[in-house]
Every structure is written in structure tokens, then in C-alpha cells.
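Structure, as C-alpha cells:
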Amino acid sequence: MNKHTIKVFYDTHSWLGIVAGILLFIVSFSGLPAMFVHELEQWQTPQLRDLPAVERVDWQQLVDQAGDDMQTQKSLFIVPEAELGYATLYRRGEDKELISKVLSLQDGSELQPGHSDVAHLFEHLHTDLHLPSPFGRYLVGFAGMVMLLLIIAGVVIHTKWRQQFTTLRITRSWRLLLTDHHKLLGLWTLPFAALLAFTGTILGLLGLISPVLALAKFDGNVDAAVEAVVGPDAEIQGVAQQPLPLNRLYELALAAQPDLQVERAELTGWGDAGALVNFSGRARQTLSNLQSVTLNAVSGEIVHQADAREHGPFYRIFAAVTPLHYVMFGDELLKLFYALCTLALSAIVVSGMMIWLDKKQRRDQRPHWLAALTLGSCQGLVLAMAAALAVSSVSHSMAAQALYEETVFWLVWGLWIAVCLLLRNLAVRTLLSHGCWLIAAALLLAVGADSVLHNSWQGSAVVVKGVNLSLLLIALLSLFVAYRLKKTQNT
Amino acid sequence: MASSELTAGKWLAGSVGGFFTTVVMTVAITLLWPFGDRIEQIFAGGVFFFVFWSVLFYFAMLAASGLRAWGRIGSLFLLFAVIDVVALYVFR
């Protein structure tokens with residue numbers, strides 16, 4: 001490859017990294033809690049931790065116990081968690097607000113899940129950056145696209161990759177440490193980073209282009225395209241009619257797709273002659289989460305089926321995107337591997353920016369404001385998440401718990417950015433070290449409070465212990481990094 | 001002589017021009033893909049659209065100047081736009 005080409009790729013890699021680095025860090029690091037959102041949901045709700053698992057979900061019991069406030073002619077969703085012993089029912093209110101209820105799978109009684117929403121606070125940062133729909137989602141998709149461009153350029157410019165696979169000079173200089181770290185992690189996590197960028201971009205940006213394609217292929221009728229994928233809407237007839245028992249409809253759905261692992265039921269127009277029920281989820285042993293069966297709730301007739309295995313390769317690829325991106329397959333060890341790779345990816349983004357900023361600081365002989373902003377935004381996000389977890393842990397049973405979590409999250413993040421910008425004349429390593437101490441303190445508080453208030457090391461589900469153990473390990477890692485940074489400053 | 005300088009023209013051609021060219025390109029693939037049903041044909045165009053975008057982006061960045069970058073992207077845009085029109089209005 002000639003010098004001109006390498007230089008173009010090198011410059012593009014540098015500029016894209018600098019311009020989009022902070023966004024990339026936010027999206028990639030928030031992927032970590034988003035990947036473990038299910039586990040965090042359990043952690044944030046001590047009231048639901050120790051329910052007995054059930055062998056079989058009694059769907060009809062859930063509908064019977066739903067109560068008047070869940071009755072709707074629009075969609076009522078039922079999401080059972082058989083292993084955890086409860087089901088969540090939710091619907092949209094008149095102002096599109098979410099109305100939900102949690103029922104026991106043992107006897108259908110209503111449970112009080114508490115007021116925490118810390119898992120979704122983190123998850124939304126990854127899926128839409130808390131921006132209005134669909135712009136937030138598109139922005140996250142663009143971040144995936146930029147990641148893909150960075151990976152392509154990174155592969156082209158790293159010509160000595162065999163040597164870089166094993167080079168990490170820890171004791172030389174800060175700059176060399178950053179450079180080796182960036183190349184080493186980049187090379188080792190290349191397939192994983194490419195997979196996440198690929199799937200993340202599809203999830204974020206396909207919504208931008210698919211209406212245009214649907215318009216072209218369905219002669220301008222986008223509704224027909226949507227119906228071909230997800231099935232028809234219920235036609236409410238205004239005539240009351242008793243539907244078949246939901247357990248019977250569930251059996252009919254399974255008869256149509258025996259290996260459908262139902263994760264959700266959507267009831268539309270329930271009690272009306274035109275009512276429909278849609279059972280959706282994954283197919284066992286298959287990377288597809290677009291499996292569904294829609295039935296007429298009165299007659300039990302199947303009106304639509306979605307089965308990725310009956311389609312061609314492109315549909316199958318699309319059906320596999322979400323399971324691949326959020327590790328909806330394999331066991332906890334695979335999730336742990338994903339988590340480590342996500343951390344590595346976040347570290348690559350930061351080290352890449354730091355290399356450029358270190359170079360600039362040496363040239364200008366003064367700290368660059370972008371270095372402070374990078375540190376404040378990236379470390380501030382980790383600190384804000386740790387602080388939100390700590391607040392969540394100590395404010396259980398308070399009605400405003402979710403508000404406290406969110407307020408503390410944004411406040412701590414903003415404050416740390418401000419601190420880094422105001423104190424930017426301090427060495428980066430000093431600020432980094434202080435931030436690590438604070439992160440460790442917040443995480444220790446979160447785990448300590450959860451252990452004392454909810455006795456989480458005894459009796460609680462393995463998942464909850466796993467979350468607490470992971471938070472403890474991250475706290476210890478932060479303490480170690482803080483100690484090392486302090487030590488290198490003194491030498 | 002090719003220039004290695006990254007100019008605003010190249011960036012715009014690669015990002016904005018590349019995006020719109022990718023749209024007309026994926027519409028062309030969707031319309032012409034001969035296999036599967038209509039949903040499969042939509043995914044045939046849509047699933048890899050950002051891979052095409054990435055290729056077009058670097059195709060523009062590697063041009064000698066911003067004008068040449070627009071020339072590259074513009075000519076591809078026109079080519080695929082003509083294919084779209086022909087596929088939509090002539091062969092339907």
C-alpha cells in the first residue's frame with residue numbers, strides 16, 4: 001500500500017477518533033450495564049429476589065388477575081419470568097405513559113417491585129442516549145458507523161501487527177504505554193469490536209433506511225411492509241366476545257412453532273370479536289429473536305407467523321443481530337467474555353484520544369481543554385454510574401428512588417466534567433487517580449448498603465451475588481489503578 | 001499528484017454524499033435482488049447498507065481533491081439513481 005493511502009487512513013482514523021471519541025466511549029461503556037440489564041433489574045428490586053421459580057406459566061391466571069387498570073382495547077403486554085417467579089404486565093396510557101404491574105407467577109397476586117429504575121437509566125444511555133426518539137437511536141447508530149470506519153482504518157494503518165500483538169512496554173513512558181495499550185487491545189479485540197460495531201449500526205440505523213426500501217418494494221405502502229414483518233393489527237369490531245383461554249392459545253402457538261421460547265404475549269382488543277394475541281420470543285438453538293405466532297383470540301386461527309428459519313440469509317442475519325449484540329445466547333461465561341471485551345473497547349477509545357492529546361500537549365506545552373473534557377466525560381460517566389448505584393442501594397423503599405438515582409447520575413457526571421475542566425492544569429494522572437478513588441468508594445457503598453440492608457449474601461439469587469461480586473471487583477480494580485497512578489506520579 | 005490532505009470537501013462527499021449514494025444503491029439492490037420474498041429483498045439491501053457507506057466514504061477520502069471526491073460519489077449516485085428509476089418505472 002502506498003504512503004498516500006496509509007496517510008489518508010491514518011489522518012481519518014485520528015480525526016474521527018478525536019471528533020467522536022467521547023460519544024464512542026459513552027455508547028461502548030454504557031453497553032456494559034445494558035448487556036446486564038436483566039441482572040441489574042434483579043439487583044435493584046430486593047422485593048423480587050427470592051421468589052420461587054415456576055415450571056409452567058399460567059397465562060390465563062395473569063389475564064384474570066390483571067385488574068381493571070390494565071384493561072385496554074390497545075395492546076397489553078405480558079412478560080413472564082418463570083425462573084424468577086414473577087410476570088410484568090404493561091400497557092400505554094392515554095398520554096403514551098407506561099402503566100405496569102408485577103404479578104406473582106405462583107398465585108397471580110400483585111407484588112410491589114419498588115421504585116428503582118437504575119437498570120433502565122443505564123440501558124437508555126446505550127440505546128438512545130436519553131434523547132428523543134428516534135434521534136437518540138440514530139446517533140447511537142452513527143457511533144457504530146464511526147466505530148466501523150475506525151476499525152477499517154486501524155486495520156489498514158497497523159502494518160506491523162504481528163509485532164504489536166505482544167508488545168506492551170509498561171515501564172518506559174506514559175506515551176508509549178498508551179500507544180502499546182491502544183494497539184494491543186485493538187488487535188486482540190478486533191473481531192469482537194467489528195461484531196459490535198456491525199450489529200450496533202444495524203440496530204441503530206436500519207430504521208433510517210428501511211422505510212425508504214419498504215416504500216420502493218411495497219409501492220409506497222409502508223404499513224403493508226410493517227404488516228408483512230410483524231403481522232396485522234387487530235380490527236376492533238365493537239362486539240364483545242369471549243376469547244379462548246390464553247393457556248389454550250399458548251398451546252396452539254406452540255403447536256405451530258414447537259421450539260418457540262415465548263418471552264412475551266401481546267393481547268390486542270381483548271374481549272372484542274376481533275381480538276388478536278401475539279406470542280413472540282426466540283427459537284431454541286437458533287440465533288433469532290424474531291420468532292412469533294399471531295392468533296385470532298376467539299377462534300384460535302393462526303393469522304400470521306414469523307420464523308427466521310423459513311427466510312433467506314439476509315432475514316436470518318437481521319434476526320441474529322439483537323442476540324449477537326446483547327449476548328442472548330450461551331452462558332454467563334460468554335457474557336463475562338463480552339463484558340471484558342466491552343471494557344477493552346472503552347479503554348481503546350480513551351487511550352486513542354489520550355495519544356492524540358498527549359502529542360498536542362507536548363507541542364503546545366500546556367494542557368488542552370479537550371483532554372480535560374475527555375477525562376471528565378469518560379471517567380465522569382463511570383463515576384456517575386457508581387454514584388447512581390450507591391444512591392439506589394441506600395434509597396430503597398423511598399417513593400422518589402428513581403428520581404434520586406437519575407438526579408445523582410446527571411449531577412455527578414456534570415460535576416466531574418466541571419472539576420476536570422476547572423482543574424485542567426493538574427496532571428491528567430492526578431485527576432484520574434482521584435476519580436478512581438471516588439469510583440471505588442461509591443461502589444463499595446453500593447455493595448455495602450445492599451449487603452447490610454437486604455442481607456444479599458445470604459438467601460438471595462445467585463445473579464444478585466454475582467452483581468455484588470462484580471461491583472466489588474471493579475471497586476478493587478479502581479483502587480489498584482488509583483494506587484498505581486499515585487505511585488507513578490511520585491517516581 | 002494525489003493529495004493526502006483531508007479537506008472539508010472530501011469529508012462532506014464521503015459522509016453526506018456517501019450516505020445518499022448508499023440509499024440509492026441499497027434501493028437498487030432491493031429492487032433487483034432476485035431471491036426470496038419482498039421482506040428478504042428489503043433486508044438484502046438494508047442489512048449491509050453501512051458497509052457500502054463505509055466503502056464509499058473511503059473511496060471519497062482517497063480522492064485527489066474535494067472536487068474529485070464529489071465527482072466519484074456523484075457519478076455513482078447518478079448511476080444508481082438511473083438504475084432505480086428504470087427498475088421502478090420501466091421494468092414494473
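The values are calculated or read from the model by the stated rules, or taken from the named source; none is laboratory data. Predicted model only: the values in this text are computed from it and were never measured. We place every Cβ from the backbone using ideal geometry, glycine too, and count neighbours over all the protein chains shown. SASA here: full protein model, heavy atoms, side chains in, ligands and nucleic acids out. Shrake-Rupley method; radii C 1.70, N 1.55, O 1.52, S 1.80 Å.
For the peptides A:365-374, A:12-21, residues were scored by their other Cβ atoms within 10 Å and the scores averaged per peptide; the highest-first order is A:12-21, A:365-374. The long axis of helix A:401-422 is offset from the longest Cα principal axis of chain A by roughly 20 degrees.
Each label point was placed 7 Å from the Cα along the Cα-to-Cβ direction; for B:ALA64 and A:ILE99 their separation is 6.8 nm. Partner shielding of A:304-315 amounts to 4, given as the average count of beta-carbon atoms from other chains within 10 Å of each residue beta-carbon. The residues of the protein assembly as shown present an accessible area of 48 Å² per residue when probed at 1.4 Å with all protein chains retained. When the chymotrypsin sites (Phe, Trp or Tyr not before Pro) in region B:1-67 are filtered for DSSP coil states and for at most 11 other beta-carbon atoms within 10 Å of their beta-carbon, the remaining sites are B:PHE35. Pairing chain A with chain B buries about 3500 Å² of accessible area. This figure sums both sides and uses a 1.4 Å probe.
Heavy-atom surface analysis with a 1.4 Å probe gives the protein assembly as shown a carbon and sulfur content of 63 percent of its accessible area. Inter-chain Cβ neighbour count for A:192-200, averaged per residue, equals 1 (cutoff 10 Å, partner chain atoms only).
Projecting the alpha carbon convex hull of region A:205-325 along each direction and taking the average yields 8.3 nm². Rounded to the nearest whole angstrom, the semi-axes of the ellipsoid equivalent to region A:1-156, taken from the Cα gyration tensor as √(5λ), stand at 45, 17, 13, largest first. The mean count of C-beta atoms from other chains within 10 Å of the C-beta of residues in B:58-67, rounded to a whole number, is 2.
Each listed q (0.15 Å⁻¹) maps to a log10 I(q)/I(0) for region A:366-491, found by the Debye formula over equal Cα scatterers with no solvent: -0.73.
Relative contact order of region A:87-191: 11 percent, from C-alpha pairs under 8 Å at least 6 residues apart in sequence. Distance between the pseudo-spin-label points of A:THR72 and A:PHE135 (7 Å out from Cα toward the beta carbon): 2.6 nm. Take every pair of alpha-carbon atoms less than 8 Å apart whose residues are at least six positions apart; their mean separation over the length of region A:205-325 yields a relative contact order of 20 percent. Computed from the Kirkwood radius of its Cα pairs, the Stokes-Einstein diffusion coefficient for region A:1-83 at 4 °C and 1.567 mPa s stands at 71 µm²/s. When you filter the GluC sites (Glu not before Pro) in region A:252-332 for DSSP loop state and at most 11 other Cβ atoms inside 10 Å of their Cβ, you are left with A:GLU301. Once the Kirkwood radius over Cα pairs is known for region B:8-89, the Stokes-Einstein relation at 25 °C and 0.890 mPa s delivers a diffusion coefficient of 191 µm²/s.
Cut-off under 19 Å on the C-alpha distance; same-chain residues fewer than 8 positions from A:LYS160 excluded. Which lysines are left, in chain and number order? Within reach: A:LYS3, A:LYS7, A:LYS183.
One quarter of the convex hull surface built on the alpha carbon atoms of region A:46-113 amounts to 4.6 nm², the projected area averaged over directions.
With only the Cα atoms considered, the protein assembly as shown has a convex hull volume of 173 Å³ per residue. Computed from label points 7 Å out along Cα-Cβ, the spacing between A:VAL155 and A:VAL230 is 3.4 nm.
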